[in-house]
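Participant: One structure is given below, represented as structure tokens, and several questions about it will come after.
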Amino acid sequence: MEFLTYFSSLLSILFIFILVFCLYRGYRIDSFRQKMFCLRDELFDEARKGNIPFDSDAYGMLRSTINGTIRFAHKLSLWQMITFVVLVKTDKFQEDKPFTERFEANLKNLSDDQAKVVRDRHMYLNFLMVEHIVLSSPLILLTVFLPITFFLVAKSRLTRALAPFKSPLDKLDSAVLAIGRA
């Protein structure tokens, strides 16, 4: 009987490991890519409506950035980002100026409304990238989101659990406050 318990526990741990480190990661990548395709479609639709010109450098730059994000979504993770930021010299990717400077320079060739459309899509791209990095990391999920979720659930239940003791606790708090002021 003890062997059966150990075996079922081992199978459960194996299942959780496969779910978290294999299947979940693939799901997050597919979900992220789908969001990127939708974002690229939105950008195209804005250009088709005439809200931004197809031939503008800002449109082309953002579309290429989205395409690069789709292509390398499987490499976009917390560890890859840390490694990239710490070890890789970004000079080889920046051409003559950093991305932000080139992007802002390209936006100056657009009207304020057109620039807002492109800027909003770029901001959403960055949001989706951060969301993907956070949600696809089992480490972050286990060390950040799980404890925060536990804390929020425990706090809501603690409030309900302490409700019958509100009156006695109120008297106790009043007495402690009076002692603390003395």
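Participant: What residue, among those in the stretch 98-127 that are surrounded by fewer than 17 Cβ atoms within 10 Å (Cβ to Cβ) and in contact (Cβ under 8 Å) with a residue 60 or more places away in the chain, is nearest to Asp57 (Cα to Cα)?
Facilitator: Of everything passing the filter in the stretch 98-127, Asp113 is nearest to Asp57 (Cα to Cα).
Participant: Can you go through Met81, Met36, Met61 and tell me which one is crowded, with 16+ Cβ neighbours inside 10 Å and within 30 Å of Phe145 (Cα to Cα)?
Facilitator: So the residue among Met81, Met36, Met61 that is crowded, with 16+ Cβ neighbours inside 10 Å and within 30 Å of Phe145 (Cα to Cα) is Met36.
Participant: Okay, next question. How many residues does the stretch 158-182 contain that are of a type in the set (Gly, Ala, Ser) and open to solvent by 80 Å² or more (accessible area, probe 1.4 Å)?
Facilitator: Summing the residues that are of a type in the set (Gly, Ala, Ser) and open to solvent by 80 Å² or more (accessible area, probe 1.4 Å) in the stretch 158-182 gives 1.
Participant: Quick one: would you say Phe84 is farther than 19 Å from Gln34 by Cα, more than 21 Å from the chain's Cα centre (by Cα) and assigned to a helix (DSSP H, G or I)?
Facilitator: Here the answer is no, as Phe84 does not meet what is asked.
Participant: Of everything in the stretch 39-58 that's of a type in the set (D, E, K, R) and closer than 16 Å to Asp113 by Cα, which residue is least open to solvent (accessible area, probe 1.4 Å)?
Facilitator: Top of the filtered list is Glu46.
Participant: Now for a separate question. Please specify each residue of the stretch 56-84 satisfying the condition of being of a type in the set (Phe, Trp, Tyr) and under 27 Å from Cys22 (Cα atoms).
Facilitator: Scanning the stretch 56-84 gives Phe72, Trp79, Phe84.
Participant: Which one is surrounded by the most Cβ atoms within 10 Å (Cβ to Cβ), of the residues in the stretch 64-78 that are over 21 Å from Thr100 (Cβ atoms) and of a type in the set (Gly, Ala, Ser)?
Facilitator: Applying the filter and picking the extreme gives Ala73.
Participant: Grab the helices (runs of 4 or more DSSP H) fully contained in the stretch 94-182, keeping just those with 2 or more residues being among the hydrophobic types (A, V, I, L, M, F, W, C) and within 30 Å of the chain's Cα centre (by Cα).
Facilitator: 99-107, 112-135, 146-162
Participant: Scan the stretch 151-182 residue by residue and report those that are of a type outside the set (A, V, I, L, M) and within 30 Å of Leu141 (Cα to Cα).
Facilitator: Phe151, Lys155, Ser156, Arg157, Thr159, Arg160
The values are calculated or read from the model by the stated rules, or taken from the named source; none is laboratory data. Every value quoted in this text rests on a predicted model; they were computed, and no experiment measured them. Cβ sites come from the backbone with ideal geometry, for glycine too, and all protein chains shown count toward neighbours. To get the accessible areas, we keep the full protein, side chains included, count just its heavy atoms, and leave off ligands, DNA and RNA. Shrake-Rupley method; radii C 1.70, N 1.55, O 1.52, S 1.80 Å.
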